[in-house]
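Right, one structure below, let's go through it.
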Amino acid sequence: MFKFILYRLLQTLLVLWVIVTVTFFLVRLAPGDPFSAERSMPSHVKERLMQHYGLDQPAWVQYGNYVSSLLQGDLGPSYTQSRNVNQILAQTFPVSLELGAWALLIALCIGLPVGVVAAVYRNTRLDYVPMSMAMVGICLPTFVLGPLLALFFGVWLNWFNVSGWFGPHDRVLPALTIGLVYAAVIARITRGGMLEILTRDFIRTARAKGVPFHTIIFKHTLRGGLLPVVSYMGPALAGVISGSFVVETIFQIPGLGREFVSSAFNRDYTLVLGTVIVYAALITLANLLVDIVQVLLNPRIRFEDS
Amino acid sequence: MVTDWLSNSRKLGKYLLVLALASWVGCGDRIPNADQAVEQGILLKGNGAEPRTLDPQKATGVTENKVISALIEGLVTYHPTDDNEAEPGVAESWEANEDSSVWTFHLRDNARWSNGDPVTAHDFVYSYQRMLTPELAAEYVNMLFIIENAEAFNRGTVSDFSEVGVEALDDHTLRIQLVGPTPYFLGILQHYAWSPVHQPTIEAHGGMTDQSGTWTLPGNFVGNGPFILSEWRPNQLLRVERNPYYWDAERVALNGIIFFPISDDNTERRMFDSGQLHVTNTVRSNDIPNLRRTQPERLRMDPYLATYYYRFNTTRPPLDDVRVRRALALAVNRQRLVERVTMGDQSPAYAYVPPAFDGYENQTSLRHDPERARELLAEAGFPGGEGFPRLNLLFNTLEDHRKVAEAIVSMWNEELGIGMQLENKEWMVYLADQSQLNFDVARAGWVGDYLDPMTFLDMFVTDGGNNNTGWSNAEYDELIQRAQRSRTQEEHYQLLMDAERILMDEVPIAPLYWYTRIYLIDPRVKGWEPKALDNRPYKYVSLEAE
Amino acid sequence: MSFPKSLSPSSKRLPTVEIQLDQIEEGTSLWQDAWRRLSSNRLALISFWLLVAMVLFCFVGPLLTSYSYRTPNLDNALQGPSWAHWFGTDDLGRDQLTRVMKGGQISLGVGILATTVSLIIGVLYGATAAYLGGKIDNAMMRFVDVLYALPFTIFVILLMTLFERSILLLFLVIGAVEWLTMARIVRGQVISLKRQEFIEAAVSMGLSTRRIIVRHLIPNVLGVVAVYATLTVPAVMLLESFLSFLGLGVQPPMPSWGSLIKLGADNLQLYPYLLVIPALFFSLTLFCLNFLGDGLRDALDPQSSKD
């Protein structure tokens, strides 16, 4: 197993390198540059600016410079902010991580039990009611749910501030916004995965043999039943903790999600790369974690398979 | 296995709890709500986007200026009520020679930096040298090109700064030699590009041409304005508090201001409604009719020195035909547009320069005349819109632009029988398309940089960096050039009026309306007067409990 | 791929496997079976007909109203639901009913077509990777990781400047994004299946890899796929409105449910009907797809045939 993990971590480096390289050239191909503005500046000033940041050099020279400073841990200056990219990531990532952790907690605490119960009591009220609510959750995108929660609990009930990221209470609404949407998705996938197993012959056999109900669920069904949820959680995990642009904008949260999107709009090349590196590392590590958990959940799979 | 996992997730939960608690300790201080803030004398202001920098010589936007003007004061500053007057800032008096080409400023001797250092004429010389130093690559550097030899120095053809027309005659006397007569110089001088910066601070943080902006961070920043920077949390808030060293500190009524960068208009509205803000940055147009009925005392719609217009690409047929452009411009019912679409008391614009200048009369031949528009289109070979190619209307993706574009395309369709395809694009692509003339008709807006019609009209000279229409007219170019050198205000205005008439006869652009600044304000905020550029000296603003 | 030598095709030691193989090999009867079971599921049947009604509503409806979805009527803006305008009017005074119908054309089209594209790519890719295993699987999944992490916004902006705006491009872009998670889920399922006896048996029978993947592995993951597909549809419909924001995809005045819901969310407080009505149609469609998906899942599940 350790050999497997080591091997995969080495691959992660390769994946990161590919992503950095492709992104590096991709952002430079997009129309505009970090200094484009509605009011255009004198051309000689723009040349100076490009020169200062080395953007006047051939792309491959810029790439070489970027990679060599990257290897020293320097992600470069941001072209549009007074902080450099290292500082921006260091300040914004913990915020998104915390928000994402709360949201995941909500999503799993609601989504998993609801999905399991719905599958076990399939086609009864315990299935229809929570699953219909989950469908509502899926139909409510965050840009609808967030303002709804802010309006209801913030403006009308005045229980929480409508935006900001200062005190503990400021975590509630944004975490709920993300958490509920993911809870709905997880509930649906859990139910589907559980049903897949519950209809298998060996469960029927176990039931017929009189194996206690909770043993069937916890010992026999959950392992296989959670498999699709685990697969889904890889990308979801990376997505949630790298921040949500929509939710961070609605609730004025200084997280990574906003930098991720706005850096692309601003053509802030170095910041785009910085955020992409964080996200890429998260996604490859999350998927590695998922692959490990999959093996642990299912004795039939071996690490050589993953 | 699964139970293991469940217990692990419980551990994870505990860990998260600890993590969360730890992070709250870090930012446990409370932000006052609107009521508490009134008692504390702290103004809570929505400020649009996050400021990119607080360095006045690197800043390029309205958002940045809202903060910078609280922290730094120039020679002259914004008048609290009258747009055509300059308020004394660091300079307590000034005089110009008879043709307004040499200006002498007498600096007050009690002006201080926020660390106690005196503000001297040498500080201004240093600041202008920094602004003009090529390596700083200041985007607004051409604001200073009216100084003698400034452009040459910035382009590198003059290397000795003493040849540039700025000189400290003594600690408190500054002389500025301009390239020619400039009667409207005081209007330009209010722009933040002319702000002083504190030399020792700049030198301590990377020197004159450092691009990192470290000197502007809280703890480092030294300014000379009524407030000092005390806290800057990117994407959260920016806090300034009273500067005890400010020369006019007694007049400053507020103890501090908190600027909230709020990019979502609905979030800002909810913050205002729930008592987290005193002044908003904007109001969504769809909310205006309701606000007029329910909270007229909070809704403000002040005239703003800005024009909303459409550019025509004069290099592409059929828009290279002035009759076609004119037909399009005449067919728009601007009155309906401002009443029914933008709804914020904007004025229909039949000319380009907003009506904000005493003695300047808009010169225009545009009006709402669909009859004439149809005739012109027929003369151009498209009777009833027949044979008119399907053009694209380019705009950057934004609800309000979308609404205006849909309304206007339907007016053109109704009056002229022509169809047009709407084409929304992401901001940078939109900018690139405009500067490369890769469009037929494009939405545009222009906010004046300073209080003179020149800030609008000089952009349409041949090959101007912001022309973006392909239009060129030698007579227009000459009028603008002469207006830049006119000796009196009257002559200056007359030349600009003549230029505007040409612009409106040739219609490379179709002005649509003059903006208003629309915002919500708590009635307890006093001294917040309408200003053409929305710039006001914060020292006259106060908060009074009712 | 190796399998125990002892498991010869003639082995009679695993009777249950034989039954499964029979069922799967006789494809036609499987599908007929599935249809029979689907039509006996009342909820799924109602959902099916509701979806048909929705399609008619969106595609035939606009022909029946006297209003245009595109021409503004400025004097009539932001009116609540009334007899003349059942769903009210939008901020340019256009009949919201007509716009909801017209928007449904885009959203249903994008939702179903793009989901199908992502489904086909994702299922084939995930199943192939998992089944082939080893280095190939590893390389294929690392490629997915790379695609996940590339900055999507920049990618779309580039595509937009390289190609002419077209609805086809929209489908491709959405399909290209949405198949990734599908591929990972399918791979996870297939890996757990491929060590099961019936697949090893199929291998030992000398069936081709392609046949094993298409006929034996994929049918067994369709349940999970159906569930995830119904989750992809709303994601795709909303992604469409983001792409339109970037300038790819549909342009105003053409509406879509995504853009109508976005407009509604922005005007939530004063004009709730602008949100509620398109959101209702959006949700109703998704509910129907969901129940239909569940019905299909049950119908296609080879195991539940013994109910």
Need one value for C:284-291: mean number of C-beta atoms belonging to other chains within 10 Å of its residues' C-beta atoms. 3
Round to a whole angstrom and tell me the spacing of the C-alpha centers of segment B:418-493 and segment B:246-261. 37
Which one, B:VAL62, B:TYR192, B:ALA96, is farthest towards the positive end of the dipole of segment B:52-214 when Lys and Arg carry +1 and Asp and Glu -1 on their Cβ? B:VAL62
Can you tell me which of C:LEU217, C:LEU108, C:LEU78 moves the most in a GNM of chain C? Springs connect C-alpha atoms under 10 Å apart. C:LEU78
Degrees separating the helix A:172-198 axis from the principal Cα axis of chain A, which is the longest one: 50
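Percent of accessible area on segment B:302-518 owned by carbon and sulfur, 1.4 Å probe?
Summing carbon and sulfur atoms, their accessible area is 44 percent of the total for segment B:302-518.
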Taking the Cα centre of chain A as the origin, how large is its charge dipole in debye, to the nearest 20, when only Lys and Arg (+1) and Asp and Glu (-1) carry charge on their Cβ atoms? 1140
Violating pairs (Cα-Cα greater than 27 angstrom) within the set B:LYS526/C:LYS262; A:LYS219/C:LYS194; B:LYS403/B:LYS526: B:LYS526/C:LYS262; B:LYS403/B:LYS526
Evaluate E = 1/(1 + (r/R0)^6) for A:GLU47 and A:VAL211, where r is the Cβ-Cβ distance and R0 equals 60 Å; express this FRET efficiency to the nearest 0.05. 0.20
In segment A:190-233, with Lys and Arg counted as +1 and Asp and Glu as -1 at Cβ, which of these residues, A:PRO212, A:GLY225, A:GLY193, has the Cα nearest the positive end of the dipole, that is, farthest along it? A:PRO212
Relative contact order for chain C: what percent, with Cα pairs under 8 Å and sequence separation of 6 or more? 28
What do you get for GluC sites (Glu not before Pro) in segment B:378-450 restricted to DSSP loop and a cutoff of at most 11 other Cβ within 10 Å of the site's Cβ? B:GLU386
Could you sort B:365-374, B:388-397 so that the peptide with the highest average Cβ count within 10 Å comes first and the rest follow in order? B:388-397, B:365-374
Based on the mean of other beta carbon atoms within 10 Å per residue, what is the order of B:247-258, C:267-278, C:147-158, most packed first? C:147-158, C:267-278, B:247-258
Give me the dipole magnitude in Debye, nearest 20, for the protein assembly as shown about the Cα centre, with unit charges on the beta carbon: positive for Lys and Arg, negative for Asp and Glu. 7220
Qualifying trypsin sites (Lys or Arg not before Pro) for segment B:471-500 [loop in DSSP, other Cβ within 10 Å: at most 16]: B:ARG485, B:ARG487
Solvent-accessible area buried by B and C, counting both chains, probe 1.4 angstrom, square angstrom: 2300
Computed over chain A: longest principal axis from alpha-carbon atoms vs helix A:125-139 long axis, angle to nearest 10 degrees, is 10
Would you mind telling me the antiparallel percentage of the DSSP bridges in segment B:302-518, rounded to 5? 65
If one builds a Gaussian network model of chain C from Cα atoms under 10 Å apart, the most fluctuating residue listed among C:ALA114, C:ALA44, C:ALA201 is C:ALA201
Per DSSP H run of n ≥ 4, the term is -39500 (n - 2.57); total these for the protein assembly as shown, divide by its residue number, and report the mean residue ellipticity at 222 nm rounded to 500 deg cm²/dmol. -16500 deg cm²/dmol
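Which of rounded, prolate, oblate describes segment C:51-126, given a ≥ b ≥ c as roots of the alpha-carbon gyration tensor eigenvalues and a/c under 1.5 marking rounded, otherwise prolate only if a/b is larger than b/c?
Prolate, because a/c is 1.5 or more and a/b exceeds b/c.
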What average count of beta carbons from other chains do you get within 10 Å of the Cβ of residues in C:178-187? 4
Using the per-residue mean of other Cβ atoms lying within 10 Å as a proxy for protection, in what order, highest first, do the peptides B:187-196, A:123-132 fall? B:187-196, A:123-132
Expressed in angstrom and rounded, the centroid-to-centroid distance over alpha carbons for segment B:28-67 and segment A:258-287 is 28
What does the C-alpha gyration tensor say about the overall shape of segment A:85-305? Classify as rounded when a/c is under 1.5, otherwise prolate if a/b is larger than b/c, or oblate. oblate
On the accessible surface of segment B:52-214, probed at 1.4 Å, how many percent belong to carbon and sulfur atoms? 42
Within chain C, what is the longest stretch that has no GluC sites (Glu not before Pro) placed in a DSSP loop and near at most 16 other beta-carbon atoms within 10 Å? C:165-307
Total accessible area lost when A and C pair, probe 1.4 Å, Å² to nearest 100: 5500
What is the helix-to-structure angle for C:167-194, meaning the angle in degrees between its Cα long axis and the longest Cα principal axis of chain C, kept from 0 to 90 and rounded to the nearest 10? 30
Rounded to whole Å², per residue accessible area for the protein assembly as shown with a 1.4 Å probe reads 38
Probe radius 1.4 Å, ligands and nucleic acids left out: which of C:VAL55, B:VAL67, A:VAL181 has the largest accessible area, and how do the rest follow? C:VAL55, A:VAL181, B:VAL67
Dividing the mean separation of Cα pairs under 8 Å (6+ apart) by the residue count of segment B:302-518 yields a relative contact order in percent of 37
Choose one answer from C:SER47, C:SER166, C:SER66: the residue with the largest mean-square fluctuation in a GNM of chain C with alpha-carbon springs under 10 Å. C:SER66
Average beta carbon contacts from partner chains per residue of A:23-35, 10 Å cutoff: 5
Indicate the gyration tensor shape class of segment B:52-214 (rounded, prolate or oblate), computed on the Cα atoms with a ≥ b ≥ c the square roots of the eigenvalues: a/c under 1.5 is rounded; otherwise a/b larger than b/c is prolate and the rest oblate. rounded
Choose one of B:ASN467, A:PRO168, C:LEU38: the residue whose Cα lies farthest towards the positive end of the charge dipole of the protein assembly as shown (beta-carbon charges +1 Lys, Arg; -1 Asp, Glu; about the Cα centre). C:LEU38
Accessible area in the full protein assembly, largest first, 1.4 Å probe, for B:THR182, C:THR116, A:THR21: C:THR116, A:THR21, B:THR182
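What size of dipole, in debye to the nearest 20, comes out for segment A:1-79 about its Cα centre when the only charges are +1 on Lys and Arg C-beta atoms and -1 on Asp and Glu C-beta atoms?
Values: 6 positive and 5 negative charges, 55 e Å.
So the dipole magnitude of segment A:1-79 works out to roughly 260 debye.
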Can you give the local net charge around B:LEU330? Use residues other than it whose beta-carbon is closer than 12 angstrom to its beta-carbon, Lys and Arg +1, Asp and Glu -1. +3
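The values are calculated or read from the model by the stated rules, or taken from the named source; none is laboratory data. Remember, it's a predicted structure, so these values are computed and weren't measured experimentally. Methodologically, a virtual Cβ is constructed for each residue, glycine included, from the backbone with ideal geometry; neighbour enumeration extends over all protein chains shown. For the accessible areas, the whole protein counts, side chains as well, though only heavy atoms, and no ligand, DNA or RNA atoms are used. Shrake-Rupley method; radii C 1.70, N 1.55, O 1.52, S 1.80 Å.
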